[in-house]
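Notes follow once the structure below has been shown.
The values are calculated or read from the model by the stated rules, or taken from the named source; none is laboratory data. The shown structure was predicted, so the numbers you read here are calculated from the model rather than taken from an experiment. Here Cβ is always computed from backbone atoms with ideal geometry, including for glycine, and neighbour counts include all displayed protein chains. Only protein heavy atoms, including side chains, enter the accessible area calculation; ligands, DNA and RNA are left aside. Shrake-Rupley method; radii C 1.70, N 1.55, O 1.52, S 1.80 Å.
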Amino acid sequence: RGQINVPGFRKGKAPRKLIENMFGKGVFYEDALDILFPEAYYKAVEENDLKPVARPEVDVQAMEAGKDLEFSCEVYVMPEVKLGQYKDLDVTRTIRKVTDAEVDSRIEQEQKRVARMVDVTDRGLENGDKAELDYSGTVDGVKFDGGTAEHQTLVIGSNTFIPGFEEQMVGMQIGEERDLNVKFPETYHAENLKGKDAVFHVKLHAITREELPELDDDFAADVSEFDTLKDLKADLKKKITEERQKDADRVFEENLMNQVAENITADIPDVMVENQAHQYLDNFKAQISRQFPYEEYKKMTGMDDAKLLEEAKEPALRQVKMDLATAAIIKAENIEASDEDVEAEFTKMAEQFGMDVEMVKKYLSKEQVHDQILTQKAVAVVVDSATAEKPAKKTAKKAETAEGEEKKPAKKTTKKAETAEGEEKPKKAPAKKAAKKEEKEAE
């Protein structure tokens, strides 16, 4: 009653009887239900050993003065899960060899990182140059929002601006002014500019270009702890190989767990998938918002929450299956995580992120780390018992054929096709001869 205003009384000072006469005796019932419900509900959940996965639907059956409050709840609970095969699985594990070209690409990245920019004054603007320019755009002689800027930088040939803009700047001299005739794409994000012809008046202030260092032993010594370019390349090749192995391990693990998840049998409530989809959407919103407003993203892409949630349902279902499968393995294998395991994991994470252990504990609770360890152990059960198969050479050859060469049909296939059309079927080879042939092929 402390929250109800009654004329003639200070807030919270009106007599209860007066409030009940004005608003009806049931005025306090909803608040009373909010007070009584949680304790009764969670007690019932505990007594019935339930694991709810959603909020309950409440049906109040009796709520009046002088009588007990009676209500019933319906709630979706964690489904029973029947594990399929989760041990001794076979999955192809592929590690692509590191090529010299890939090592050279890493070297070039490092070369660009330490490159310096030099002024160009003896020639016109070329592709690859960085231009400092002013521009002012008009459509039908009228300026538009976002079409004017001063002392902007633009790498010519980067295709950063609308088509035709950068190409028409090639050859410009410092101090030169020029009109560029362009057309906005039909897919442009601003509705008022889609497909419109525009004129940009530009003035070039400066030209700079990237000057790369020579790729030699001096370069290697400058950018690394190695004295020669040969040693630097060898180290890069080793690091890329290790990266590939880690990636292969991760993909191998994912493929195994996807198999395990698909092998379970469970009646999964839709609400579990919906909750996971909403979680994905919330994470996506947070990620987008770090770059620009989420509402702007929706306008640019034509998406809305309903469409994004629909797209999230399939991956959400996969994740729910994965979580259920992992929980079932933990139960089946009696997996546990001790306090020592949890502390060791905190220490490991602190070293990994270069943080103090106590700082890590501020961001992650013991319960979170405990659950993480259980999951890791469950995955280890699957991975340790699995067989990593190398991709068959025959498969690789087929892939090569698909990429380029046209494969000629084998004579035997052609003959079979002709037979199917009506020619007399060739006689079968004697069983003994066929058996010998099969043995030879098997060898």
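Worth a mention:
- Amide H within-cut-off set for Thr92, under 5 Å, with H built and near neighbours excluded: Glu389
- Two-site label geometry, Glu310 and Asp384: point separation in nm, points 7 Å out along Cα→Cβ: 4.6 nm
- Which of Tyr188, Thr208, Gln168, positive extreme of dipole for the chain (C-beta unit charges): Tyr188
- Rounded, prolate or oblate (a/c below 1.5 giving rounded, otherwise prolate when a/b exceeds b/c) for region 260-311 by Cα gyration tensor: prolate
- Normalised by 2.2 N^0.38 Å, where N is the number of residues, the alpha-carbon radius of gyration of the chain equals 1.56.
- Cα-based reach from Lys97 at 13 Å (exclusive), listing aspartates and glutamates while leaving out same-chain residues under 8 positions away: Glu242, Glu243, Asp247
- Cα-based values for region 215-363, radius of gyration first and Dmax second, are 22.6, 65 Å.
- Heavy-atom accessible area, probed at 1.4 angstrom with all protein chains present, ranks Thr326, Thr375, Thr153 as Thr153, Thr375, Thr326, highest first.
- Helix-only [θ]222 nm of the chain, DSSP H runs n ≥ 4, -39500 (n - 2.57) each, per residue, nearest 500: -16000 deg cm²/dmol
- In the assembled protein chains, Ile268 presents an accessible area of approximately 30 Å² (probe radius 1.4 Å).
- Accessible surface area normalised per residue over the chain is 73 Å², counting heavy atoms of protein chains with a 1.4 Å rolling probe.
- For the chain, the Cβ-based charge dipole about the Cα centre amounts to some 1840 debye (Lys, Arg positive; Asp, Glu negative; other atoms uncharged).
- Area accessible to solvent at Arg93, 1.4 Å probe radius, in Å²: 60 Å²
- Portion, in percent, of the accessible area of the chain that falls on carbon or sulfur, probe 1.4 Å: 48 percent
- Directionally averaged projected area (convex hull, Cα atoms, region 176-264), nm²: 13.7 nm²
- Here the translational diffusion coefficient of region 81-124 follows from Stokes-Einstein with Rh set to the Kirkwood radius across Cα pairs; for 37 °C and 0.692 mPa s it amounts to 202 µm²/s.
- Two-decimal log10 I(q)/I(0) for region 36-165, as the Debye equation yields it once each C-alpha is a single scatterer, q = 0.10, 0.22 Å⁻¹: -0.71, -1.28
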